[in-house]
Amino acid sequence: MSDNAEKHRIVIVGGGAAGLELATSLGKKLGKPGLADITLLDATATHIWKPLLHEVAAGTLDESEQVDYLAQGYRNHFHFRLGKMEGLNRQKKEIHVGATFSENGNLIIPKRTLTYDTLVMAVGSVSNTFGVKGVAEHCLFLDTTAQAFKFQKQLLEMYIKNYIGNEGKTVKPLSIAIIGAGATGVELSAQLHEVTNVLATYGLKEPNDVKLCIIEAATQLLPALPAKLAQATQQQLTALGIDLKLGRRVVEVTPAAIITQDGEYIAADLKVWAAGIKAPNWLKDLDGLETNRINQLVVDSTLKTSDDAIFAIGDCAACAWKGHDGNVPPRAQAAHQQASAVCKSLVNRLKGEALVNFVYYDYGSLVSLGQYTTVGNLMGNLMGTVSIGGFIARVVYLSLYKMHQIAIHGYFRTVMLTLSNLFRRSAFAKIKMH
Ligand SMILES: Cc1cc2nc3c(=O)[nH]c(=O)nc-3n(C[C@H](O)[C@H](O)[C@H](O)COP(=O)(O)OP(=O)(O)OC[C@H]3O[C@@H](n4cnc5c(N)ncnc54)[C@H](O)[C@@H]3O)c2cc1C
């Protein structure tokens with residue numbers, strides 16, 4: 001695997017919010033001066049920052065936001081390997097990578113192993129279906145870019161099928177149900193509402209052709225945000241005509257509907273499950289590494305697992321949140337901070353110095369309602385918790401993504417990308433139409 005077998009080999013599995021930032025910074029700090037051999041393995045060839053997936057699903061994201069891992073590796077002095085990790089041999093310090101196939105099923109790369117001196121697991125999370133009947137079969141998910149594109153394609157095809165050829169006739173409105181009123185579900189509903197209006201502007205449908213609804217077991221939207229902000233969001237969504245069905249626990253999903261604990265039957269053409277996360281199931285049996293009840297790898301305050309050579313960061317890591325009950329939340333800002341901490345630790349380790357203790361700093365939570373508004377709360381040492389909304393909240397929300405872009409592209413390229421996107425948006429369709 002390595003260009004030079006004597007160099008310390010660091011393998012990072014997963015090039016998401018955490019892993020790609022880590023590979024980029026380690027590439028610059030250790031790869032470039034030849035102090036270590038850095039390899040990033042990911043199941044896909046390109047990266048899209050996961051909080052943008054609801055925009056991919058709605059078709060509003062510019063495709064230039066995708067990062068090509070091979071080019072990123074070339075520019076930042078790490079190797080990229082395409083493949084899906086399937087197993088681990090801690091004694092031999094090997095990870096097992098499954099075979100890679102083309103879209104039409106041809107073998108591209110056979111099964112193989114990669115050897116490491118230090119391994120960093122950053123494989124993220126997937127939707128937790130909580131074993132509810134029919135969810136896996138009949139719901140769409142927003143866990144991966146491929147799923148988000150599948151959603152977008154299905155959505156557009158449904159619009160076309162319902163509208164083209166039926167102009168002027170009374171057609172049954174399309175119904176979309178989102179299960180889960182956390183940030184993902186709420187942001188997706190606002191994006192879909194926006195898309196509906198844009199499609200009407202382009203003449204593809206009538207403005208009232210789509211009915212959106214959110215179904216949530218809790219009696220409040222956005223359980224992680226203060227009640228005041230949740231109420232403001234609730235008012236905004238209600239004003240947009242989004243039907244909020246709160247206090248309804250889903251017990252079954254069928255091809256045509258969602259059934260709640262009280263026996264309510266909610267018919268829906270498209271059903272999206274956004275009701276919670278867990279780490280992938282295969283982490284449960286990863287050569288004896290300790291996991292919690294949602295399969296996350298348990299790490300200590302330095303983000304190290306029970307094996308000295310293996311770290312875990314991002315959504316797949318269970319890291320106690322100092323001074324709070326429970327663990328550091330599965331968020332992009334946690335992934336960003338953990339990537340920085342492990343980068344410092346691995347640089348230190350090569351110099352024979354101590355690992356860094358990770359302390360999570362919660363800067364607050366923000367929820368974007370697309371073009372309509374952004375709401376959230378900011379945490380500060382001096383001011384305590386401050387509720388914000390509107391333009392300021394939008395700017396702070398966008399700055400989280402800008403921090404990720406700066407970590408992987410640097411300041412200059414991020415400014416150039418931002419400017420070029422502004423120009424592109426004025427010239428091309430606001431949503432993806434193919
Ligand atoms: C729609 C949506 C909206 C969100 N909005 C917000 C938000 O506004 N603010 C916020 O803070 N957080 C948000 N989040 C959560 C945030 O995206 C995650 O907390 C963050 O992306 C976690 O980073 P990560 O690196 O752990 O995982 P990810 O970013 O998911 O990256 C995991 C990577 O691992 C790769 N991978 C997975 N399995 C394997 C394997 N077996 N082998 C090789 N590679 C593998 C994947 O391809 C992926 O590239 C949102 C999430 C979603 C889904």
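The values are calculated or read from the model by the stated rules, or taken from the named source; none is laboratory data. Since we're looking at a predicted model, the values are computed, not measured. Note that we place each Cβ from the backbone using ideal geometry, even for glycine, and neighbour counts take in every protein chain shown. Areas reflect the complete protein model, heavy atoms only, side chains present, ligands, DNA and RNA absent. Shrake-Rupley method; radii C 1.70, N 1.55, O 1.52, S 1.80 Å.
Under 8 Å for C-alpha pairs, at least 6 residues apart: give me the relative contact order for segment 45-161, rounded to a whole percent.
Computed over segment 45-161, the figure is 25 percent.
Roughly speaking, what is the centre-to-centre gap between segment 241-301 and segment 31-45 when only Cα atoms are used, to the nearest Å?
34
Using the alpha carbons of segment 1-109, what is the convex hull volume per residue in cubic angstrom, as a whole number?
So the per-residue hull volume is 125 Å³.
At 222 nm, what value in deg cm²/dmol follows for the chain if DSSP H runs of at least 4 each add -39500 (n - 2.57) and the sum is divided by all its residues, to the nearest 500?
-10000 deg cm²/dmol
For the Cα atoms of the chain, what angle does the longest principal axis make with the long axis of helix 183-202, in degrees from 0 to 90, nearest 10?
In the chain, helix 183-202 runs at an angle near 50 degrees to the longest axis.
What is the local net charge at Asp300, summed over the other residues whose Cβ is closer than 14 Å to its Cβ (Lys, Arg +1; Asp, Glu -1)?
-1
Report the trypsin sites (Lys or Arg not before Pro) located in segment 1-100 that are in a DSSP loop and have at most 13 other Cβ atoms inside 10 Å of their Cβ, or state none.
Answer in residue order: Lys92.
Provide the per residue accessible area, probe 1.4 Å, for the chain, rounded to a whole number of square angstrom.
It amounts to 47 Å² per residue over the chain.
Any idea what Rg and Dmax come out to for the chain if you just take the C-alpha atoms, in Å?
That works out to 22.4, 74 Å for Rg and Dmax.
For Gly364, what residues show an amide H to amide H distance below 5 Å, using hydrogens built from the backbone and excluding near sequence neighbours?
The list, which skips near neighbours in sequence, is Met379.
For segment 135-273, what does the relative contact order come out to in percent, with C-alpha contacts under 8 Å and a separation of six or more?
That works out to 31 percent.
Under 16 Å Cα to Cα from Lys50, which lysines show up? Leave out anything in the same chain fewer than 8 places away.
Within reach: Lys150, Lys278, Lys402.
Taking amide H positions as placed in the peptide plane 1.01 Å from N, state which residues far from Phe358 in sequence (5 or more) or on other chains have amide H under 5 Å from it.
Thr302, Leu303
For segment 24-168, what are the per-bin percents of Cα-Cα distances with bins 10 Å wide, up to the bin holding the maximum?
So the P(r) values, bin by bin, are 9, 27, 34, 19, 7, 3, 1.
In percent, what relative contact order does the chain have, based on Cα pairs under 8 Å that are 6 or more apart in sequence?
Here the relative contact order equals 17 percent.
Cα atoms only: what Rg and Dmax, in Å, come out for segment 135-273?
15.1, 47
Helix 390-427 sits at what angle to the longest principal axis of the chain, using alpha carbons and giving 0 to 90 degrees rounded to 10?
Long axis of 390-427 versus the principal axis of the chain: about 60 degrees.
How far is helix 145-163 tilted, in degrees, relative to the longest principal axis of the Cα atoms in the chain, given as a value from 0 to 90 rounded to the nearest 10?
Relative to the chain, helix 145-163 is tipped by roughly 20 degrees.
Which of the GluC sites (Glu not before Pro) found in segment 44-124 are loop residues per DSSP with 13 or fewer other Cβ atoms within 10 Å of their Cβ?
Those satisfying the criteria are Glu103.
Can you tell me which of Ser368, Ser102, Ser420 moves the most in a GNM of the chain? Springs connect C-alpha atoms under 10 Å apart.
Ser102
What length, rounded to one decimal in nm, is gained on full extension from Lys133 through to Lys84, with 0.36 nm per residue of separation minus their alpha-carbon distance?
Contour length minus the Cα-Cα distance gives 14.9 nm.
Show me, for segment 211-219, the HN-Hα J-couplings you get by feeding each phi into the Karplus relation (A = 6.51, B = -1.76, C = 1.60, θ = phi - 60°), rounded to Hz, glycine and proline as x.
3J(HN,Hα) across segment 211-219, in whole Hz: 10, 10, 9, 10, 10, 9, 6, 6, 8.
Which residue, Met121, Met403, Met85, tops the fluctuation ranking in a GNM of the chain built on C-alpha contacts under 10 Å?
Sorting by GNM fluctuation, first place goes to Met403.
Please list, or write none, the aspartates and glutamates whose alpha carbon is within less than 13 Å of the alpha carbon of Lys29, excluding same-chain residues fewer than 8 places away.
Glu21, Asp37
Give the distance, in whole Å, between the Cα centre of segment 114-141 and the Cα centre of segment 174-198.
With segment 114-141 and segment 174-198 each reduced to a Cα centre, they are spaced 22 Å.
Per 0.36 nm of contour for each residue apart, how much would the distance between Ala218 and Asp285 grow if the chain were fully extended, relative to their Cα-Cα spacing?
Result for the pair: 20.9 nm of gain on full extension.
Which whole number in µm²/s is D for segment 252-359 by Stokes-Einstein, with the Kirkwood Rh taken over Cα pairs at 20 °C and 1.002 mPa s?
For these conditions, the coefficient is 132 µm²/s.
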